[in-house]
Amino acid sequence: MDREEKTVKKNLIYDGKILQLYNDEILTPGGKRAYREIVNHHGGASVLPVDDEGNIYLVEQYRYAYKQLLLEIPAGKLEANEDAIACAKRELKEEIGAECKEIKKMDLIYPTPGYTNEPLHIFLATGLTFGETKWDEDEYLNIKKIPFDKALEMVKSGELKDGKTVIAILRYALFKG
């Protein structure tokens, strides 16, 4: 049986700075009409910075949607036609003031496939050197240097809530053996 849903009509509800909201009319595989609310997003890139001593760097920032401070790996949205590696390197510099000698792709995930088409690239950055941060004018971050083993324990205990951060830490644990 064909499981693909067919678009009957795209209905743009909101066109914002970083996303668009659609309420599309679709045809189900069984032939019924239904609606799908979709957030269209260009995607993002995130990076797990690991220094030569095995520490990782997270940023703590207030996330309005959750009304709490979260610890996350540096990340940001892709600009139109921007390369994901370039975005990851930019965010690494902006958020924690670091540049890296090596950057490797660890994953491409779909954070919330039920309502958004956002692709999120996850990279590993090593060979770090530090300089000045370049935060956006509305960013208020605290940089946290955490030994990797402690970060892994924070994942196991549920202390880290951000999905991309949890995945990056677990991927790195698998990669490093």
Whole-Hz ³J(HN,Hα) for each residue in segment 51-59, computed from phi via Karplus 6.51 cos²θ - 1.76 cosθ + 1.60 with θ = phi - 60°, x for glycine and proline: what do you get?
7, 5, 8, x, 8, 10, 10, 10, 10
So what's the back-of-envelope 222 nm ellipticity for the chain, counting only DSSP H runs of four-plus at -39500 (n - 2.57) apiece and dividing by all residues, rounded to 500?
-6500 deg cm²/dmol
I want to make sure I understand the PRE zone here: with the label point 7 angstrom from the Cα of Trp135 toward its beta carbon, which residues in segment 84-100 have backbone N atoms less than 19 Å away?
90-99
Amide hydrogen neighbours beyond the local backbone of Leu128, cut-off 5 Å, H modeled
Asp52, Lys101
Among 3-9, 78-84, how do they line up from the highest to the lowest mean number of other beta-carbon atoms within 10 Å?
78-84, 3-9
If you average the C-alpha positions of segment 109-154 and of segment 1-78 separately, how far apart do those two centres end up, in angstrom?
16
With all protein chains present, segment 2-103 has a carbon and sulfur share of its accessible area (1.4 Å probe) in percent of 48
For segment 74-114, size of Cβ-based charge dipole, Lys and Arg +1, Asp and Glu -1, in debye:
100
Determine the sum of side-chain charges near Leu70: Lys and Arg each +1, Asp and Glu each -1, restricted to other residues whose C-beta is under 12 angstrom from that of Leu70.
+1
For segment 122-168, compute Rg over Rh where Rg is the Cα radius of gyration and Rh is the Kirkwood radius from the inverse mean 1/r over Cα pairs.
1.00
Only Lys, Arg, Asp and Glu count, each charged at its Cβ (+1, +1, -1, -1), so figure out the dipole size of the chain about its Cα centre, rounded to 20 debye.
640
By its C-alpha gyration tensor, with a ≥ b ≥ c as the square roots of the eigenvalues, how is segment 84-170 shaped: rounded for a/c under 1.5, else prolate for a/b larger than b/c, else oblate?
rounded
Ordered by number, the GluC sites (Glu not before Pro) in segment 85-159 that occupy a DSSP loop and have at most 14 other Cβ atoms within 10 Å are Glu132, Glu137, Glu139, Glu159
Where in segment 1-93 are there chymotrypsin sites (Phe, Trp or Tyr not before Pro) that are in a DSSP coil and have at most 11 other Cβ atoms within 10 angstrom of their Cβ?
Tyr64, Tyr66
Accessible surface, per residue, of the chain when the full set of protein chains is kept, probe 1.4 Å, Å²:
62
Please quote Rg/Rh for segment 14-139 to two decimal places, taking the Kirkwood radius as Rh and restricting both calculations to Cα atoms.
1.07
Looking at segment 59-105, which trypsin sites (Lys or Arg not before Pro) are DSSP coil and have at most 13 other C-beta atoms within 10 Å of their C-beta?
Lys67
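The values are calculated or read from the model by the stated rules, or taken from the named source; none is laboratory data. Please read all numbers here as calculations on a predicted model, not as lab measurements. Neighbour counts run over all protein chains shown; Cβ positions are idealised from the backbone, glycine included. All accessible areas refer to the heavy atoms of the entire protein, side chains included, with ligands and DNA or RNA removed. Shrake-Rupley method; radii C 1.70, N 1.55, O 1.52, S 1.80 Å.
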